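This report concerns only the one structure given below.
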Amino acid sequence: MCAKTWAVVLLVLFLSENATGQQYAFRICFTDKEGSPDISNPSMFLSPRSLERRKAQGIALDSTDRPVSPVYIHKVLELTDGAFHVASKWLNSCVIRVSDSSNIIALEGEPFISSITYVGYYGDEPIDRKGPVKKELRGAEWKTTADSASYGATWTQTHLVHGECLHDNGWQGQGKLIAVLDDGFHYVDSAPAFDSLYSSGRIIDTKNFVLPANDVYTDFWQHGTEVLSTIAGYLPNIYVGAAPLAQYVLYVTEDQTSETPVEMDNMVAGFERADSIGADIVSSSLGYNTFDVPFPSIPSSELDGKTTVAAIGANIAVQKGMLLVITAGNEGSGGLLTPGDADSVITVGSVNSSGQPAGNTGNGPNASGIVKPDVCAMGNPGYVLTNTTTPFAVSGTSIATPQIAGMAACLWQGSAGKSNFEIKQAILKTASLYTTPQLPKLGYGIPDFCQANVMLDVPEVAHGLSSVNVYPNPSDGKFLISYSASRKTSARFTVTDITGKVILQEVRLVNEGQNQATIALPNAVSAGVYICSMQIDGQRKVIKLLKK
């Protein structure tokens, strides 16, 4: 999956003449996986939780699950006197660092290598940092009262997507594992908003892919801290995140000191580690379209959902059963960032508290014409926490994205047995603009997680009725239901709202064979999800009606 790139000699001459005292990062792509463990023994490279996620969604193991050949990696390091940085089993590649760029020439002509690409540069090798000190547990499980007092600063952003409906059902992310990829998580091991998360052991894995000798807490970068707070932060009556009782893995993949393509390799490595450990959801408020000299920008034509390294990795991650929630970026008319262009991810834009789009939210669609962003949440501004107990406003799709990821975790918790695709579709189909997406900024609009839960919860069972179809659905309130009956009889149609309140009830004559019935909801009925029950001779069909 790596592009053929053999212009190494000229590149090495350029690097040798233009820089000293740096480390150079190269992506090495391999032709095969000789010497790698076979998929017949997947427990060697996938956790029980990861295997269970695949099993639950009927996902078979394949060659992309096998690790990169350790034989090939060892040979590359030996020939170049290089240091290992990251590897990708999905791309069948590794990234190495070399102090002398001319060493990379030793790899030319090796039959197991398909391409070599210069992807980044670094300063001196980082030193080890002192690890964090655990704190005593503070905070307990809670039950929201679904009002501004219980949520504090996060009430408006939570209520905009009706997330409190999930919390009131007791779904606050328990049992779901969310991977957050960002630049750093300074204060997360010490700040009051995260103490119950940290000390209760719900941060089950961390990894710094940028500076492997460092942990994820002790660098000064805290964009990741702000992002994490919108999901995991918890200060009763001051600040409540979207999924405060979920488990988390925290990965640093973004290098704030430069902008180079190796950060996409770091990101894919983060996706793969999240997959291997068994994460359900990945939230990333990172994206790329331009890089520092001498690296070229990504052509807009390649932001087509399937071409960049980051988009390829994101799509494979979804194929493995994870739900990926990715920022649209803050480039406005400059377009999307990758992997927000990826076909299969939920790409998130930013709106204000009234649902109006932020001017700088990344414009869609992607280069293939697919609607992006998929949905929007409050990021103009949204409220975050870092090291204090005082929430503050921050603007950007970075803040909107994790809100959707956290609510998706709660939704999935309450919909056991559903696939990542079903969760995504429920979020999209109950969004405010699903039938009439608005480009370039809003996509399918603002999701309604209360309605998404109803959509996932109501089974569409036939009990003997056949050929039941509804069109259009969603509609402006009029639905044409076609169905087939085995004899002449009568049918009862009962429509209720999500609370069970009866909206209308009608009895219709039924002929043998094909029949049609128009169900018109009262004009006073608001947009949302309604449940229609058809009963004919003891046979029953339950269908969902979506009024836009």
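The values are calculated or read from the model by the stated rules, or taken from the named source; none is laboratory data. Bear in mind that the values here come from a model prediction, so they are computed numbers and not experimental data. Using ideal geometry, Cβ is built from the backbone for each residue, glycine included, and neighbour counts are taken over all protein chains shown. Note: accessible area is taken over every heavy atom of the protein model, side chains too, but ligands, DNA and RNA are not part of it. Shrake-Rupley method; radii C 1.70, N 1.55, O 1.52, S 1.80 Å.
A few points about this structure:
- Cα-centred dipole magnitude for the chain, charges only on beta-carbon of K, R (+1) and D, E (-1), debye, nearest 20: 2420 debye
- Prolate/oblate/rounded call for region 217-283, Cα gyration tensor, a/c under 1.5 rounded: oblate
- Normalising the average separation of contacting C-alpha pairs (under 8 angstrom, six or more residues apart) by the number of residues puts the relative contact order of the chain at 12 percent.
- Ordering G58, V394, T230 by Cα displacement along the dipole of the chain toward the positive end leaves G58 in first place; charges were set at the Cβ atoms of Lys, Arg (+1) and Asp, Glu (-1).
- Residue-normalised accessible area of region 230-376, expressed per residue, 1.4 Å probe, Å²: 25 Å²
- If you plug the beta carbon distance of S99 and D168 into 1/(1 + (r/R0)^6) with R0 = 45 Å, you get a FRET efficiency near 0.20.
- Between region 309-362 and region 206-277, the alpha-carbon center distance in angstrom: 17 Å
- Aspartates and glutamates whose Cα lies under 18 Å from that of K306, excluding same-chain neighbours fewer than 8 positions away: E263, D265, E272, D341, D343, D374
- Rounded percent of accessible protein surface that carbon and sulfur make up, the chain, 1.4 Å probe: 51 percent
- Residues of region 470-505 with an amide N closer than 11 Å to a point placed 7 Å from the Cα of A520 along the Cα-to-Cβ direction: 478-479.
- Selected from Y471, Q516, A269, residue furthest toward positive end of dipole (the chain; charges at beta carbon): Q516
- Cα centroid separation - region 497-548 against region 403-421, whole Å: 27 Å
- Among G355, S300, V216 the positive-end extreme of the charge dipole of the chain (Cβ point charges): G355
- Check: region 406-548 dipole with +1 on Lys, Arg Cβ and -1 on Asp, Glu Cβ, in debye: 120 debye
- Between S353 and K55, full extension at 0.36 nm per residue minus the direct alpha carbon distance yields a gain of 103.3 nm.
- Taking 0.36 nm per residue of separation and subtracting the Cα-Cα distance, full extension of the segment from S533 to Q438 would add 31.0 nm.
- Relative to the current alpha-carbon distance between R540 and E512, full extension at 0.36 nm per residue lengthens the span by 8.4 nm.
- The chain: calculated mean residue ellipticity at 222 nm from DSSP helix runs of at least 4, using -39500 (n - 2.57): -6500 deg cm²/dmol
- When only the Cβ of Lys, Arg, Asp and Glu is charged (+1, +1, -1, -1), the dipole of region 153-303 relative to its Cα centre reaches about 480 debye.
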